[in-house]
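First the structure, in the form of structure tokens, and then the observations on it.
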Amino acid sequence: MAMNGQKNLTQLLALCRTYDSLHSDYVSRGVNNIRDPNDKENTNTEAWHSAHYMGVGYDAIRLILSSLITSLRQPPKNILDFPCGSGRVTRHLRAFFPAATIGACDLYEGHIDFCVKNFDAIPMLSKENLDELDTGRKWDLIFCGSLLTHLPSGLFVTALKFIARSLSDGGIALISLEGRHAEFIQKNKWKLIPDDLYEVAEATIEAQGYGYVDYQHSMKSLFFKQDSYGVMFARPRWTLQIVEQMYDVRVLGYIERAWDDHQDVLVIGRPGVDS
Ligand SMILES: C[S@@+](CC[C@H](N)C(=O)[O-])C[C@H]1O[C@@H](n2cnc3c(N)ncnc32)[C@H](O)[C@@H]1O
């Protein structure tokens, strides 16, 4: 035990140096700031949007590095950005991990094409039912930003299972969620969704640990490939009791109000809890 503890501490400090060196290169290389004119969700209509958009990507890298370092993982060789959208995070992954193979996975070809063309990613077309999706390879890192935040409970569970079975033997995944602080934001700061829709989701949060509501028609028409798309509020206990059934992965962390001072981040990884 003592020997392992000492070895792990040495490894942790060596990893800090490795990632520090990658960070210096990332800063001097810079991040590609090209924007997709067809990005459905990041419309850049106000002056602060552009800086915030880049800041969210930097914050994703912060969370990724802290998870890789604390779980003693070497820099990933294969990274899946799931979903990639128009590359808000993909561009940072490319700049930070120039040697990695990066998969850009989304349900909409336009998003994928943009990431393939601009961030040297390989295309991965997704499916709404993630039980049917196989990316054909395993990933050392999966970043799942703002997907489970939009899925009803059944699809939420299939997404978690897809992520778990797509990890390599030493792979880790970061999954963002609308947790307790999202409820606070909705009630006290700004509106994720109109209050009448929020009431539908809120009705089950306390008792069941989650609440979901579909978007209204205007938003749904943008997401024409999906039968269900809305906002999912998930308390930590509800998400963790799902992961607790999954013995192929272990829980490496659950950080509330983590990404962009807003979404929670669940970190899971292989090997499984008893392997
Ligand atoms: C809020 S965006 C997040 C995109 C990106 N991660 C980011 O942070 O900008 C949600 C994305 O999920 C995609 N999406 C929805 N359902 C999906 C599915 N079943 N598989 C893959 N992507 C999906 C949408 O097309 C959209 O690009």
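The values are calculated or read from the model by the stated rules, or taken from the named source; none is laboratory data. The shown structure was predicted, so the numbers you read here are calculated from the model rather than taken from an experiment. For neighbour counting, all protein chains shown are included, and Cβ atoms are generated from backbone atoms with ideal geometry for every residue, glycine included. Heads up: the accessible areas ignore ligands, DNA and RNA and are worked out on the full protein's heavy atoms, side chains in. Shrake-Rupley method; radii C 1.70, N 1.55, O 1.52, S 1.80 Å.
Give me the percent relative contact order of the chain, please, defined on Cα pairs under 8 angstrom at least 6 residues apart.
Relative contact order here is 16 percent.
Report, for the chain, the % of DSSP beta bridges that are antiparallel, rounded to 5. Display every interim value, and only then the final one.
Working: 17 of 34 bridges.
Rounded to the nearest five, the antiparallel share is 50 percent.
Using the Cα centre of the chain as origin and beta-carbon charges of +1 (Lys, Arg) and -1 (Asp, Glu), tell me which of His52, Gly154, Gln226 is placed farthest towards the positive end of the dipole.
His52
FRET efficiency for Leu125 and Glu199, Cβ-Cβ distance as r, R0 = 45 Å, nearest 0.05?
0.80
Apply the Karplus parameterisation 6.51 cos²θ - 1.76 cosθ + 1.60, with θ equal to phi minus 60°, to every residue of the stretch 229-237 and state each ³J(HN,Hα) to the nearest whole Hz, in sequence, with x for glycine and proline.
7, x, 10, 10, 9, 10, 6, x, 4
Quantify, in whole percent, the carbon and sulfur part of the accessible surface of the stretch 203-275 (1.4 Å probe; protein heavy atoms only).
Numbers: 1840 of 3650 Å².
Looking at the stretch 203-275 in its full context, I get 50 percent from C and S.
Among Ile69, His181, Thr239, whose Cα sits farthest toward the positive end of the charge dipole of the chain (+1 at Cβ of Lys/Arg, -1 at Cβ of Asp/Glu, about the Cα centre)?
Ile69
Where does each of Glu183, Glu202 land when they are ordered by accessible area, with a 1.4 Å probe and the largest first? Could you put the intermediate results ahead of the total?
Values: Glu183 15, Glu202 75 Å².
Largest accessible area first, the list is Glu202, Glu183.
Would you mind working out the magnitude of the charge dipole of the chain relative to its Cα centre, with +1 at each Lys and Arg C-beta and -1 at each Asp and Glu C-beta, to the nearest 20 Debye?
The calculated dipole for the chain is roughly 900 debye.
At a 1.4 Å probe radius, carbon and sulfur cover how many percent of the accessible area of the stretch 11-53? Can you show the working numbers first?
Values: 1520 of 2850 Å².
So the carbon and sulfur contribution to the accessible surface is 54 percent.
Send over a whole-number figure in Å² for the accessible area per residue of the stretch 9-104, probe 1.4 Å.
Normalised by residue count, the accessible surface of the stretch 9-104 is 46 Å².
Skip the ligands, DNA and RNA, and give the accessible area per residue of the stretch 116-256 with a 1.4 Å probe, whole Å².
I get 47 Å² per residue for this part.
Could you sort the peptides 53-60, 83-90, 42-49 by per-residue average Cβ neighbour count (10 Å cutoff), highest mean leading?
Per-residue mean Cβ counts within 10 Å order the peptides as 83-90, 53-60, 42-49.
Sort 265-273, 68-76, 15-23 by the packing proxy (mean of other Cβ within 10 Å over each peptide's residues), most packed first.
Details: 265-273: 20.6, 68-76: 17.0, 15-23: 13.8.
Most protected by this proxy first, the peptides run 265-273, 68-76, 15-23.
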